[in-house]
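Working notes, beginning with the structure itself.
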Amino acid sequence: MQLNASTRRASAIKAGSRRVQVKVSARFSNWREQAERSAPSTSSYGSSSKSSSGVEPKKILMMGGTRFIGLYLARDLIAQGHDVTLFTRGKKKVAYEIPEDTPSSFAEYSRKIKHIQGDRMDFPEVERKLAREGFQVVYDINGREAVEVEPVLKGTKSTLEQYIYCSSAGVYLKNDMMPHREEDAVDPKSRHKGKLDTEELLRKSGVNFTSIRPVYIYGPLNYNPVEEWFFHRLKAGRPIPVPGSGQQVTQLGHVKDLSTAFVKVLGNKKAARQVYNISGERFVTFDGIAKACAKAMGVPEPELIHYNAKEFDFGKDKAFPMRDQHFFASVDKAMADLDWTPEFGLVDGLRDSYKKDFGRGTFRKEPNFKCDDMIIEAKKGSSFSAPKAAAASAPISRSSWR
């Protein structure tokens, strides 16, 4: 019987969750000495000339890399002169166009990006395939559980210099003191518990690691309906339901700024065995996001309808794309250590996302206004009728933007 990916992942995690151990090799133990070396690499990869970031070219493995964050990060690393290989199941195109591509830039990326096909949940296969490659740096973009990281560490232990992990700011425990800082308490019951376990595994392994904790990520090709949720409603000319007072404070970070931060930790001595929050520099209310999205689209500010979520039974449907609480984090540490500053303000970043994705007629998920209609009818006593102009607008395609 053939198992699907979700079943394989669950089975592998269950089998390995009782005891996740990584032997501390001499190479991992000496991570600090390794990070401080200044001599050119003796690896057979490339030349010893430094990239524009001042880091010598590295042979890099990226776990994942065929959607959203990975699409931008792989390009940034290649542009810095690094040799980048993606490890994926091969179900998606390895070289996938992004809106910023020109024919020549995409052709160059397609020539340079490399690929190893395999199932991450087949742990022996992962270790075997990686052991012969000599990777110096791992960017783990799609790891969810600690047991998934162990075979990657084993397969790269003889050559690994740095392990860079994509965690989540969702690991923090709710706190009366905001914004969240890297030293704040974490929530062992978080739905991102696997990310926490992975960070702990990396600490105990002795490897030179850096963990990045994004807040909400947005930008072109976003597969999570963050800005897209608002864009669908604004395009349809609908009021936007917002839970509570709408004054809940949160934070969005552009995918390109996140990619830049990932690049900045590579070979950075200050980033050794550190955790960094990464997001936009400013905070915003729920109401403010709706208004910023309207401004980015060039449409009038929407009508906002506030509601008490406890008064409704939405079933399994999601009535709002963000957690109904204050949720934002300080990026001061990253700005100080990494020489990194977010390029995008919120409205400019949303405009970039809209013009390069949704505004071109592409999106990831069909709009679902079922919860909206329940709220509108309860609050206004009648269902929503779309304005004629909005109703007559051209249908939006889910197809690739190009």
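The values are calculated or read from the model by the stated rules, or taken from the named source; none is laboratory data. Since we're looking at a predicted model, the values are computed, not measured. Please note: Cβ atoms are built from the backbone with ideal geometry, for glycine as well, and neighbour counts cover all protein chains shown. When the accessible area is computed, the model is the full protein with side chains, heavy atoms only, and any ligands, DNA or RNA have been set aside. Shrake-Rupley method; radii C 1.70, N 1.55, O 1.52, S 1.80 Å.
Once a ≥ b ≥ c are taken as the square roots of the eigenvalues of the Cα gyration tensor of region 213-272, is the result rounded (a/c under 1.5), prolate (a/b larger than b/c) or oblate (a/b not larger than b/c)? Oblate, because a/c is 1.5 or more while a/b does not exceed b/c. For a test of the definition: using alpha carbon positions, the gyration tensor, and the 1.5 limit on a/c, classify region 60-138 as rounded, prolate or oblate. Because a/c hits 1.5 or more and a/b exceeds b/c, region 60-138 counts as prolate.
Exposure check, 1.4 Å probe, all protein chains in place: S353 carries approximately 0 Å² of accessible surface. Put simply, when 147-154, 287-294, 306-313 are sorted by average Cβ atoms within 10 angstrom per residue, most first, you get 147-154, 287-294, 306-313. Excluding same-chain neighbours fewer than eight residues apart, the aspartates and glutamates reachable from K295 by a Cα-Cα span under 18 Å are E227, E228, D287, E303, D348, D352, D357. The residue among P239, G267, L252 whose Cα reaches farthest toward the positive pole of the charge dipole of region 229-281, with charges on the beta-carbon of Lys, Arg, Asp and Glu, is G267. When only alpha carbons are used to place a centre, region 280-309 and region 131-149 end up 38 Å from one another.
A straight chain from M335 to E133 at 0.36 nm per residue would run longer than the Cα-Cα distance by 69.4 nm.
In a simple Cβ point-charge model (Lys, Arg +1; Asp, Glu -1; nothing else charged), region 265-335 has a dipole of about 640 debye relative to its Cα centre. Counting only protein heavy atoms and using a 1.4 Å probe, the accessible area of H326 comes to about 100 Å². When +1 charges are put on Lys and Arg Cβ atoms and -1 charges on Asp and Glu Cβ atoms, the dipole computed for region 118-157 relative to its Cα centre reaches about 180 debye. The aspartates and glutamates within cross-link reach of K310, meaning a Cα-to-Cα straight distance under 13 Å and a gap of 8 or more places when in the same chain, are D324. Once a ≥ b ≥ c are taken as the square roots of the eigenvalues of the Cα gyration tensor of region 102-246, is the result rounded (a/c under 1.5), prolate (a/b larger than b/c) or oblate (a/b not larger than b/c)? Taking the square roots of the gyration eigenvalues as a ≥ b ≥ c, region 102-246 is oblate.
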